[in-house]
1. Neighbour counts of other C-beta atoms within 10 Å: give me Lys66, Lys145 arranged from fewest to most.
2. Ordered by residue, what ³J(HN,Hα) values in Hz, to whole numbers, does the range 89-106 give under the Karplus form 6.51 cos²θ - 1.76 cosθ + 1.60, where θ = phi - 60° and Gly and Pro are x?
3. Hey, what do the phi angles of the range 150-160 turn into as Karplus ³J(HN,Hα) couplings, whole Hz, using 6.51/-1.76/1.60 and θ = phi - 60°, x for Gly and Pro?
4. With a ≥ b ≥ c taken as the square roots of the eigenvalues of the C-alpha gyration tensor of the range 81-168, please select rounded if a/c is under 1.5 and otherwise prolate if a/b is larger than b/c or oblate if it is not?
5. For a footprinting-style exposure proxy, rank Leu124, Leu168, Leu111, Leu106 by other Cβ within 10 Å, fewest first.
6. Amide H to amide H, which residues 5 or more places from Leu124 or on other chains are under 5 Å from it, using H placed in the peptide plane?
7. How large is ³J(HN,Hα) for each residue in the range 109-121, as worked out from phi by the Karplus curve 6.51 cos²θ - 1.76 cosθ + 1.60 (θ = phi - 60°), to whole Hz, x for Gly and Pro?
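What follows draws every value from the coordinates through simple rules; no lab data is involved. Keep in mind that what you see is a predicted model, and the values were worked out from it rather than measured. Here Cβ is always computed from backbone atoms with ideal geometry, including for glycine, and neighbour counts include all displayed protein chains.
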Amino acid sequence: MPSGDSGEIDRSNNLAIQHLPGWSNSGTAIHAERVVTASPGTLPDSSAGARLRRVTEAGLGPEDLKIVTLARAARARVGSAEGAAVRDETGRTYAAAAVALPSLRLSALTLAVAMAVSSGAAALEAAALVSDGPGPAPEDIGAVKDIGSGARIIHAASDGTVRETLRL
């Protein structure tokens, strides 16, 4: 996922994300993104259409920053390519790193959602994915949407810099 300010359009993960020029205020970069579905039915209808939002770390609440920190720690603990954390409706958090075994492959976000569900979570409020690669895959977005219809998904780089957010 390009993170530059070139106005380019990225069509990975069945999303068209136009990165609009950002600006800096006291060293805090702000990026605006227009998110639209690239193919009908890829994401739930509630996320279809264009949205324009400004994304900043300052715009996230302390609980959202906490799950970004937990995702970074899960990733670093095992040296994984990605880490994730989710927060359920009661405020409990679940963190996971990607699993890559010969007979089992799970993304960090899918595993964090599975951990929440297997622990009795009925709904998700937010999810964070930390990786230097592209944002969440469609199946990861779907897993969050299954029990988090209004959840926010935060994609951050390995240093914690917020790259994008999605509201389901």
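1. Values: Lys66 17, Lys145 21.
Least to most surrounded, the residues fall as Lys66, Lys145.
2. My calculation for the range 89-106 gives 5, 9, x, 5, 10, 9, 10, 8, 10, 4, 10, 9, 9, x, 10, 8, 10, 9 Hz in order.
3. x, 5, 9, 10, 10, 10, 10, 6, 4, 8, x
4. On the way: a/c = 1.64, a/b = 1.13, b/c = 1.46.
It comes out oblate by the Cα gyration axes.
5. Listing Leu124, Leu168, Leu111, Leu106 from fewest to most nearby Cβ atoms yields Leu106, Leu168, Leu111, Leu124.
6. Gly148, Ser149
7. 5, 4, 5, 5, 5, 4, 4, 5, 5, 5, 9, x, 5
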